[in-house]
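Here's the structure, in structure tokens; my notes come after.
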């Protein structure tokens, strides 16, 4: 048994991001396929299964960390370090607001501008959706995407390349949502929008010196807000073009501006995280601290 653990640990140690992707996809797909094969995705149990699957990336980060003989507690402590200036959390709210305004401008130009009452009816739901999207159906994914995969990829690749790799994994990870009809939009457009959004989140992560809690808030806020313009005009069918095309276009503009302003190498001023800033240093310290509760990845004769 120890030999098998040692072999697995060596594989994981050599390819941690690939192992992370395999675990994230395997865990989430198991939850989603298992749930949606039995109950409707929009049913109560379907929503619970969907939320459980959304924790796959976080669980994958913890599993790979453990298999490498590192401390999961230290990784979580470094990843969830929230101590940043308040302006970074303000920015995490402002970016989705700006993106939503951009989406609204396009939507309202293509469809009738809704009256104030239509928008007001959606307001009470936003607060609930924000909490759910940040903690259970979006923001929680960031423990894996930005908390585990991104900093490790940035040790080898430019920030833009790392962002696109994470975006590609992230898009494939969502495949069961299309297979079971949870998402009714073009998979190609969705993948493009996710990759663009990954660039935005990488910029935020690097600029904030690795603030994963802020990335969670940004991700959750965008998920809660970005569909409001479509709902305000009576649904996405009111538009002459796919809603996903609008999202992709707006996200692409924001991502393009970031790349043009800061460059592909770091996607942020100074690029402290991309090439060894405090967040990566914290992750490295966590990696160097062994998990003393289990002896995994050693060639012990036990």
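The values are calculated or read from the model by the stated rules, or taken from the named source; none is laboratory data. Computed from a predicted model, the values in this text were never measured in an experiment. Positions of Cβ are generated from backbone atoms using ideal geometry, with glycine treated the same way; all protein chains shown enter the neighbour counts.
In the stretch 37-50, the qualifying residues are those that are more than 22 Å from the chain's Cα centre (by Cα) and assigned to a helix (DSSP H, G or I), and the one that is surrounded by the most Cβ atoms within 10 Å (Cβ to Cβ) is 45.
Residue 210 fails exactly one of the following numbered conditions: (1) in a helix (DSSP H, G or I); (2) crowded, with 24+ Cβ neighbours inside 10 Å. What is the number of that condition? So the condition that residue 210 fails would be (1). Residues in the stretch 51-70 that are within 17 Å of residue 175 (Cα to Cα) and assigned to a loop (DSSP other than H, G, I, E, B): 54, 55.
Please determine whether any residue of the stretch 113-135 is touching a strand residue (DSSP E or B) at 6+ places or on another chain (Cβ under 9 Å), touching a residue at least 60 places away in the same chain (Cβ under 8 Å) and surrounded by 18 or more Cβ atoms within 10 Å (Cβ to Cβ). So far as the stretch 113-135 goes, no, none of its residues is touching a strand residue (DSSP E or B) at 6+ places or on another chain (Cβ under 9 Å), touching a residue at least 60 places away in the same chain (Cβ under 8 Å) and surrounded by 18 or more Cβ atoms within 10 Å (Cβ to Cβ). When you check residue 28 against the structure, is it under 18 Å from residue 181 (Cβ atoms) and part of a helix (DSSP H, G or I), yes or no? Yes, satisfied.
The rows are residues; the columns are (1) at pLDDT below 95; (2) assigned to a helix (DSSP H, G or I); (3) closer than 16 Å to residue 142 by Cβ.
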| residue | (1), (2), (3) |
| --- | --- |
| 193 | no, yes, no |
| 197 | no, yes, yes |
| 231 | yes, yes, no |
| 257 | no, yes, no |
| 270 | yes, no, no |
| 275 | yes, no, no |
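If you go through the stretch 176-191 and keep only what is crowded, with 17+ Cβ neighbours inside 10 Å and not in a loop (DSSP other than H, G, I, E, B), you end up with 176, 177, 189, 190, 191. Which one is nearest to residue 235 (Cα to Cα) among residues in the stretch 145-169 that are touching a helix residue (DSSP H, G or I) at 6+ places or on another chain (Cβ under 9 Å) and in a loop (DSSP other than H, G, I, E, B)? The selected residue is 157. Selection over the stretch 235-255 of residues that are in a loop (DSSP other than H, G, I, E, B) and either buried (at least 19 other Cβ atoms within 10 Å of the Cβ) or in contact with a helix residue (DSSP H, G or I) (Cβ under 8 Å, 6 or more places away or on another chain) (or both) gives a count of 4. Scan the stretch 108-130 and give yes if some residue there is assigned to a loop (DSSP other than H, G, I, E, B), modelled with pLDDT of 95 or more and closer than 23 Å to residue 58 by Cβ, otherwise no. Checked the stretch 108-130: no residue is assigned to a loop (DSSP other than H, G, I, E, B), modelled with pLDDT of 95 or more and closer than 23 Å to residue 58 by Cβ. Among the numbered conditions (1) within 20 Å of the chain's Cα centre (by Cα); (2) within 15 Å of residue 213 (Cα to Cα); (3) part of a helix (DSSP H, G or I), the only one that residue 172 does not meet is (2).
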